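Structure record follows, encoded as structure tokens.
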Amino acid sequence: EDTAAAARSGDVAVLATPRVVALCEEASVHALAGYLPEGHTSVGTRVEMAHLAAVAVGSAVRAVATLEKTEGRRLVFSVSVTDRCGLVAVGKVTRVVVERDHFVHKAR
């Protein structure tokens, strides 16, 4: 279910780029766990990613996010994904801290 073929982002049975991006976003959310004020969350606003290596089905990968810069409510993370052979992807994820209820209420 994590392959390019399953994600319809290609037709091969390797880890899909959209799944790599999702893993990096998940890592950035995890990095913020316990640090945001009550009633707040973060939302993704920008992803820059270089997907460097194909990963076969069944291989384990690890995504890591490191907070690089804070500009008011804007948070920029350096992210990477690795497998047993080395670097799979590298990039940046930008998130913005929002008040959860207000954000959901404004959604169109």
DSSP loop (so not H, G, I, E, B), at most 14 other Cβ within 10 Å: list which trypsin sites (Lys or Arg not before Pro) in region 1-71 pass both filters. 8
Which residue, 28, 78, 59, has the most motion in a Gaussian network model of the chain that connects Cα atoms within less than 10 Å? 59
Whole number please: convex hull volume per residue, Cα atoms of the chain, in Å³. 119
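If Lys and Arg each add +1 and Asp and Glu each add -1, what is the summed charge of the other residues whose beta carbon sits under 14 Å from the beta carbon of residue 33?
Here the charged neighbours net out to -2.
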With springs only between Cα atoms under 10 Å, which of 32, 23, 75 fluctuates most in a Gaussian network model of the chain? 32
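Given a cut-off of under 8 Å on Cα pairs at least six residues apart, what relative contact order in percent is computed for region 21-90?
Taking the mean separation of contacting Cα pairs over the length of region 21-90, I get 35 percent.
State the extension gain, in nm to one decimal, for the chain segment bounded by residue 43 and residue 87, taking 0.36 nm per residue of separation less the distance between their alpha-carbons.
13.3 nm
How much length is gained if the chain between residue 68 and residue 56 is pulled fully straight, taking 0.36 nm per residue apart and subtracting their Cα-Cα distance, in nm to one decimal? Before the final figure, lay out each step's value.
Details: separation 12, 0.36 × 12 = 4.32 nm, distance 3.02 nm.
Result for the pair: 1.3 nm of gain on full extension.
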Degrees separating the helix 17-32 axis from the principal Cα axis of the chain, which is the longest one: 40
List the GluC sites (Glu not before Pro) within region 7-108 that DSSP assigns to loop and that have no more than 14 neighbouring Cβ atoms inside 10 Å. 38
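Need one number: the % of Cα-Cα pairs in region 51-97 sitting beyond the 15 Å mark.
Here the long-distance tail beyond 15 Å is 49 percent of all Cα pairs in region 51-97.
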About the Cα centre, charge dipole magnitude for the chain (Lys/Arg +1, Asp/Glu -1 at Cβ), debye: 260
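None of the figures in this text is laboratory data; all of them are computed from the coordinates on show. Predicted, not measured: the structure shown is a model, and the values here were computed from it. Ideal geometry is used to build each Cβ from the backbone, glycine not excepted, and the neighbour counts take in all protein chains shown.
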